[in-house]
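Visitor: Here's a structure for you.
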């Protein structure tokens with residue numbers, strides 16, 4: 001039975017320049033997004049065709065999520081949020097093909113994305129609001145003697161945001177793919193176990209059900225990542241309101 | 001997207017009023033559609049939590065919030081100890097505060113505490 005974590009191995013494809021299978025799938029995912037979007041918008045019409053309607057649904061979905069969380073002001077972050085959503089969604093879904101590498105199951109990737117989001121929040125917050133941005137860490141209506149503790153806890157809570165953002169996506173993808181691989185391994189192991197081979201369809205059914213669940217998780221985690229990005233961006237736009 | 005592309009001759013200055021005009025038209029259209037649609041069915045009772053696949057998502061989300069708080073506290077304490085050289089005390093106290101922050105994250109994520117706003 002193959003090791004369930006073997007699928008996450010990073011192998012260099014071109015020696016010397018560090019182009020790995022992870023890089024290959026990232027480039028492929030971006031090419032898929034850009035190609036798909038260009039194809040969908042190649043001849044824009046007022047009454048959209050199928051591809052254009054799909055692209056418009058994606059656009060309106062992300063735009064609606066963003067404006068719900070941040071108001072119309074937040075639309076200046078739309079390119080960032082839409083890119084993040086499409087990148088995470090596409091790579092989650094691409095990783096579901098058997099034998100394909102799941103880029104988002106590596107915490108270095110998800111943490112880099114989360115650090116990008118929090119970096120944007122911090123930089124934009126300070127540029128836009130100056131030291132007023134630090135009011136994010138000082139809740140009102142707190143007794144003075146409690147304030148130092150609360151501020152430290154709020155700072156730690158803020159530092160934990162990129163960690164929880166990246167951890168959630170990474171843990172979901174990792175756990176799902178390991179579970180799929182384990183049940184897939186059970187099928188093979190039972191199939192070669194003599195009389196017990198009659199039981200081998202059972203883990204196969206489980207693997208099929210898990211695949212459906214993984215499709216749900218792939219979409220849901222991309223959505224959760226986007227929603228939390230919007231909520232954090234809202235803190236940069238309106239601290240202390 | 002489409003609205004901007006059909007009028008390439010207009011400059012950037014003209015885009016803001018046309019954007020707000022567009023959103024006003026969209027709102028009016030949305031109101032008309034809502035008016036002509038039959039009233040939404042009453043929502044079914046509270047969702048059951050017994051066999052909900054999103055319960056798994058909720059569990060992942062909440063556990064990630066808590067673990068992230070503790071990790072962030074530990075990381076912060078470790079960095080403080082490395083920089084200032086204050087023995088294990090920074091790590092210990094920041095881990096405890098990290099537990100507090102993790103609980104705060106947890107309460108906020110589950111909606112039991114009000115979100116991180118200063119209200120003023």
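The values are calculated or read from the model by the stated rules, or taken from the named source; none is laboratory data. Quick caveat, the model's predicted, so the values are computed rather than measured. For neighbour counting, all protein chains shown are included, and Cβ atoms are generated from backbone atoms with ideal geometry for every residue, glycine included.
Visitor: Got at least one residue in segment B:55-73 being part of a loop (DSSP other than H, G, I, E, B) and either at pLDDT 85 or above or more than 10 Å from chain A (Cβ to nearest Cβ) (or both)? Can you show your working first?
Guide: Residues of segment B:55-73 that are part of a loop (DSSP other than H, G, I, E, B), as a first pass: none.
Within segment B:55-73, none of the residues are part of a loop (DSSP other than H, G, I, E, B) and either at pLDDT 85 or above or more than 10 Å from chain A (Cβ to nearest Cβ) (or both).
Visitor: Could I ask something else about it? What is the number of the single condition among (1) in a helix (DSSP H, G or I); (2) more than 9 Å from chain B (Cβ to nearest Cβ); (3) farther than 18 Å from residue A:95 by Cα; (4) modelled with pLDDT under 90 that residue A:124 does not meet?
Guide: Here residue A:124 meets the rest and fails (4).
Visitor: Got a number for residues in segment A:149-184 being surrounded by fewer than 18 Cβ atoms within 10 Å (Cβ to Cβ) and free of Cβ contacts under 8 Å to residues at least 24 places away in the same chain?
Guide: Going through segment A:149-184 one residue at a time, the tally reaches 4.
Visitor: Identify the single condition in (1) under 18 Å from the mean Cα position of the chain (by Cα); (2) within 13 Å of another protein chain (Cβ to nearest Cβ); (3) farther than 30 Å from residue A:207 by Cβ that residue A:142 does not satisfy, given that it satisfies every other one.
Guide: Every condition holds for residue A:142 apart from (1).
Visitor: Still on this structure: Against the condition in a helix (DSSP H, G or I) and within 14 Å of chain B (Cβ to nearest Cβ), how does residue A:217 come out, does it pass? Spell out the reasoning first.
Guide: Working: in a helix (DSSP H, G or I): yes; within 14 Å of chain B (Cβ to nearest Cβ): yes.
Considered against the rule, which asks whether it is in a helix (DSSP H, G or I) and within 14 Å of chain B (Cβ to nearest Cβ), residue A:217 comes out as yes.
Visitor: Hey, another quick one. Looking for something within 14 Å of chain B (Cβ to nearest Cβ) and under 30 Å from residue A:107 (Cα atoms) - is there at least one such residue anywhere in segment A:185-207?
Guide: Quick first cut of segment A:185-207, residues within 14 Å of chain B (Cβ to nearest Cβ) only: none.
The answer is no; no qualifying residue exists.
Visitor: Continuing with this model, one more query. Scan (1) out of contact with any helix residue (DSSP H, G or I) (no Cβ under 9 Å at 6 or more places or on another chain); (2) exposed (fewer than 15 other Cβ atoms within 10 Å of the Cβ); (3) at pLDDT 90 or above for the single condition residue A:16 breaks and write down its number.
Guide: Result: residue A:16 passes all but (3).
Visitor: How many residues does segment B:80-94 hold that are part of a helix (DSSP H, G or I) and either more than 10 Å from chain A (Cβ to nearest Cβ) or exposed (fewer than 13 other Cβ atoms within 10 Å of the Cβ) (or both)?
Guide: As a first pass, look at segment B:80-94 and keep what is part of a helix (DSSP H, G or I): B:80-84, B:89-94.
Going one step further and asking which of them are either more than 10 Å from chain A (Cβ to nearest Cβ) or exposed (fewer than 13 other Cβ atoms within 10 Å of the Cβ) (or both), we end up with B:80-84, B:89-92.
Matching residues across segment B:80-94 total 9.
Visitor: Taking the stated definitions as given, is residue A:225 buried (at least 17 other Cβ atoms within 10 Å of the Cβ), at negative phi and either within 12 Å of chain B (Cβ to nearest Cβ) or in contact with a strand residue (DSSP E or B) (Cβ under 8 Å, 6 or more places away or on another chain) (or both)? Spell out how you get there, then give the answer.
Guide: On the way: buried (at least 17 other Cβ atoms within 10 Å of the Cβ): yes; at negative phi: yes; either within 12 Å of chain B (Cβ to nearest Cβ) or in contact with a strand residue (DSSP E or B) (Cβ under 8 Å, 6 or more places away or on another chain) (or both): yes.
Yes, satisfied.
Visitor: I've got another one for you. Restricting the search to segment A:185-196, which residues are surrounded by 13 or more Cβ atoms within 10 Å (Cβ to Cβ) and free of Cβ contacts under 8 Å to residues at least 12 places away in the same chain?
Guide: A:191
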